[in-house]
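J.: Before anything else, here's the structure in question.
Please treat every number below as a calculation from the coordinates, not as lab data. Fair warning: this is a prediction, and the values are worked out from it, not measured in the lab. Using ideal geometry, Cβ is built from the backbone for each residue, glycine included, and neighbour counts are taken over all protein chains shown.
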Amino acid sequence: MKVGYISVIGEPNVGKSTLINELLKDRVSIVTNKPQTTRHKILGILTKEDYQIIFIDTPGIIENPRNQLQMAMKKTVENTFKSVELIYYLINAKRPVIEEKYFRDVSSPIFLVINKIDLIDRRLILPIIDEYKDSCFNEIIPISALKGDGIEELISTTLGYLPEAEMYYPPEYISDRPERFFISEIIREKIFEFYGEEIPYATGVEIEDMKERGKNQKDYIKAVIFVEKASQKGIIIGKNGEKLKRLGTISRREIEVFLDRPVYLEIKVKTLKNWRKNAEAVKKMGYR
């Protein structure tokens with residue numbers, strides 16, 4: 001069977017996570033309308049009868065990191081260039097800015113994937129393809145990850161670049177991440193949706209405790225939201241705790257769908273001063 005790793009890279013908010021979720025027909029990456037939502041490297045495993053493709057979702061490319069968190073995110077992207085069979089470089093069809101400098105020392109084949117074609121006049125796609133047909137890209141494929149357009153062509157073209165091998169993961173796996181990781185990501189996604197401006201970027205989520213309580217009892221999950229300033233803690237909690245209660249309720253409902261079982265979710269908010277600038281704190285949050 002055809003087997004291989006594919007790194008999915010591109011600028012923040014270009015649709016990398018949306019593409020992987022569409023490819024898997026499942027949600028392994030959180031998606032919001034804010035840039036730099038994805039912070040971790042996340043594997044999405046697509047297994048069919050004759051192939052297994054392991055997609056690597058990555059943070060958006062950050063040219064000039066401003067803190068330890070962004071440095072870790074940048075390193076994550078750069079590390080995924082190595083030991084993959086293929087790279088998808090996503091661009092936004094509405095703003096087709098392409099940086100070939102990222103690939104100067106890359107030996108893997110590279111697909112230029114023009115995403116969000118549903119947002120432009122289709123007659124504008126061909127000029128983009130013509131402009132880059134003689135560049136470093138092995139294939140240029142227009143898609144709409146949101147609408148599913150072009151996905152079949154993307155997969156069929158991809159298979160021609162993958163080697164024959166034994167599958168790396170059991171066929172029932174869709175990711176290599178544990179339940180705790182996805183639970184923390186669900187909570188973080190809701191923070192991005194409910195709070196504006198800087199608050200989502202200043203927060204980190206850690207699952208401090210998780211217990212299965214057996215039949216007829218709700219599982220217990222304790223999550224901690226870390227912020228950088230006392231004032232941010234107040235914003236997360238809200239007047240009389242109303243904002244935190246809302247966040248907890250919506251997060252719990254989605255976690256229950258994900259786990260397919262009822263849970264009791266407890267969320268605490270703690271201040272960890274300037275944690276994004278502290279290398280040890282960044283590691284504590286799981287960023288390497």
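J.: If you stretched the chain out fully between N240 and D260, how much longer would it get, using 0.36 nm times the residue separation minus the C-alpha to C-alpha distance? Mind showing how you got there, number by number?
T.: Values: separation 20, 0.36 × 20 = 7.20 nm, distance 3.10 nm.
Between N240 and D260, full extension yields 4.1 nm more.
J.: Same structure again: Which order results if T249, T203 are arranged by neighbouring Cβ count within 10 Å, fewest first? Don't skip to the answer; put the middle values down first.
T.: Numbers: T249 11, T203 23.
Sorted ascending by nearby Cβ count, the order is T249, T203.
J.: Now a separate question. Please rank S251, S156, fewest neighbouring Cβ atoms within 10 Å first, as an exposure proxy. Intermediate results must be reported in sequence, preceding the final value.
T.: On the way: S251 24, S156 9.
With the sparsest Cβ surroundings first, the list reads S156, S251.
J.: For Cα extents along the principal axes in Å, one of [x] 69, 53, 39; [y] 59, 43, 37; [z] 60, 38, 34 was computed from the structure I shared and the rest are decoys. Which label?
T.: [y]
J.: Pulled fully out, how much extra length does the chain show between L126 and K268, if you take 0.36 nm times their separation in residues and subtract their Cα-Cα distance?
T.: Values: separation 142, 0.36 × 142 = 51.12 nm, distance 5.15 nm.
My answer for the length gained is 46.0 nm.
J.: Moving on. Against the longest principal axis of the chain, how steep is helix 68-79, in degrees 0 to 90 to the nearest 10, with axes from Cα atoms?
T.: Roughly 30 degrees, rounded to the nearest 10.
J.: How large is the helix-only mean residue ellipticity at 222 nm for the chain, computed as the sum of -39500 (n - 2.57) over DSSP H runs with n ≥ 4, divided by its residue count, in deg cm²/dmol to the nearest 500? Intermediate values should be presented prior to the final figure.
T.: Working: 8 runs with 86 residues, N = 288.
Calculated from helices alone, the mean residue ellipticity at 222 nm is -9000 deg cm²/dmol.
J.: Shifting gears a bit: Find how much the distance from D176 to V106 grows on full extension, using 0.36 nm per residue of separation minus their present alpha carbon separation; answer in nm with one decimal. Please list the in-between numbers first.
T.: Values: separation 70, 0.36 × 70 = 25.20 nm, distance 2.52 nm.
Taking D176 through V106 to full extension adds about 22.7 nm, to one decimal.
J.: By count of other Cβ within 10 Å, fewest leading, how are F226, F194 ordered? Each step should come with its number before you reach the end.
T.: Values: F226 22, F194 16.
Taking fewest neighbouring Cβ atoms as first place, the list is F194, F226.
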